[in-house]
Amino acid sequence: MPKSAGQKLKILSLMKILLTQTDETHPLTVNELIEKLAAQGIRAERKTIYDDIEALRHFGVDIVMEKSKVYGYYVTGRDFQLPELKLLADAVQSSKFITEKKSLELIHKLQGLASVYEAGKLRRQVFIQNRVKNMNESIYYSVDSLHEAITEGKKIIFRYFDYNVNKERVFRRGGALYSASPIVLTWSDEQYYLIAHTDDHPGFTHYRVDRMNGVKMLNENCDAAVKNFDLTEYVKKVFGMFGGEEVDIKLQVHQSLAGVFLDRFGKDLPMTEEQNGYFSVRLRVALSPIFFGWLFQLGDLCSVVSPQSVKDELIAYTEKFLSQMKNGYQTG
């Protein structure tokens, strides 16, 4: 008997049916598998189905045979279990970094890693509309270019922009190109940042990746400073990706905030117990409005002990804030 046109694809089609249309609660019998292949124009017999299933098992597909009234087959042990896919879908849909369009595309691809029945459960938890999402669709090309430059150890050029009240791009430096040695990409406060070194700025600089335009890799090696960069230590100093002058400070903190400090600075943070339920801690941080805002969140349970210059700056910042709250911003 001559083979039908789809015979060469039979085992691949069978694998796809098992992967997408079966799970622990939805096994398919051999007859049902034959019917589904026939719907694709592929003829199959019972014996060849058994042989193909065995071949797929040897190939690594985890196919289980279950007996109730009849024998049924389903795939288990997938690369991603449903709870893992739900976790990934949650991360995608809640990320401000990913646009609404790309979020839906990624979640659709995640659904393809589950059976159609599990994909339905995944689909029911998706709530993308009206969430705060990024407006820059070209961000994915920027990320790809940045990864390549970091891997190759090459400098990059790009333009950097903000948005005005009309939601229009306003390029900094009048649209002039920035040049930088990229070091690493990192998440902070639901945004994606590039940490880089530039010749015209001391230390390291952060750039919101979604605000970078026209990223291109140069045929020029990165600055030597990038080799000594320690991301773990760096993120302990910087708050909200706002850089500033790095200073050593001493804080006095109520013991109820011990967990807050360990979460922020790590379990290796030296903490010295003091009287009246407080402990002291010494940190090296980059001074910025974000750091002061973080201290404000801790209220009267945390105070700056030293240096005096930081205490004075914090007091001045607080007084300016209170004045603006009372009198509003002075214009004209």
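No lab work stands behind these numbers, since they all come straight from the coordinates. Keep in mind the model is a prediction, meaning the values are calculated, not measured. Ideal geometry is used to build each Cβ from the backbone, glycine not excepted, and the neighbour counts take in all protein chains shown.
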The helix 100-111 Cα axis meets the longest alpha-carbon principal axis of the chain at an angle in degrees, between 0 and 90 and rounded to 10, of 40
Can you give the translational diffusion coefficient of the chain in µm²/s, computed by Stokes-Einstein from the Kirkwood radius over Cα pairs at 25 °C and 0.890 mPa s?
97
With x for Gly and Pro, the residue-by-residue ³J(HN,Hα) of the stretch 203-212, computed from phi through the Karplus equation 6.51 cos²θ - 1.76 cosθ + 1.60 at θ = phi - 60° and given in whole Hz, is x, 10, 10, 10, 10, 5, 5, 6, 9, 8
State which entries of LYS36/LYS109; LYS109/LYS154; LYS10/LYS102; LYS102/LYS155; LYS36/LYS69; LYS10/LYS86 exceed 25 angstrom in Cα-Cα distance in the structure shown.
LYS109/LYS154; LYS10/LYS102; LYS102/LYS155; LYS10/LYS86
Selected from MET217, SER188, LEU251, residue furthest toward positive end of dipole (the chain; charges at beta carbon):
MET217
Only Lys, Arg, Asp and Glu count, each charged at its Cβ (+1, +1, -1, -1), so figure out the dipole size of the chain about its Cα centre, rounded to 20 debye.
1240
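Take each of the peptides 293-305, 143-155, average the number of other beta-carbon atoms within 10 Å over its residues, and list them starting from the highest.
143-155, 293-305
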Tell me the trypsin sites (Lys or Arg not before Pro) within the stretch 255-332 that lie in a loop according to DSSP and have at most 15 other beta-carbon atoms within 10 Å.
LYS267
Two decimals, Cα atoms only, Kirkwood Rh: what is Rg/Rh over the stretch 10-78?
0.92
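Within 10 Å, count the other beta carbons around each residue, average over each peptide in 175-182, 255-262, and list them highest first.
Put in order of decreasing packing, that is 175-182, 255-262.
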Roughly how many debye, to the nearest 20, is the charge dipole of the stretch 258-332 about its Cα centre, given +1 on each Lys and Arg Cβ, -1 on each Asp and Glu Cβ, and no other charges?
200
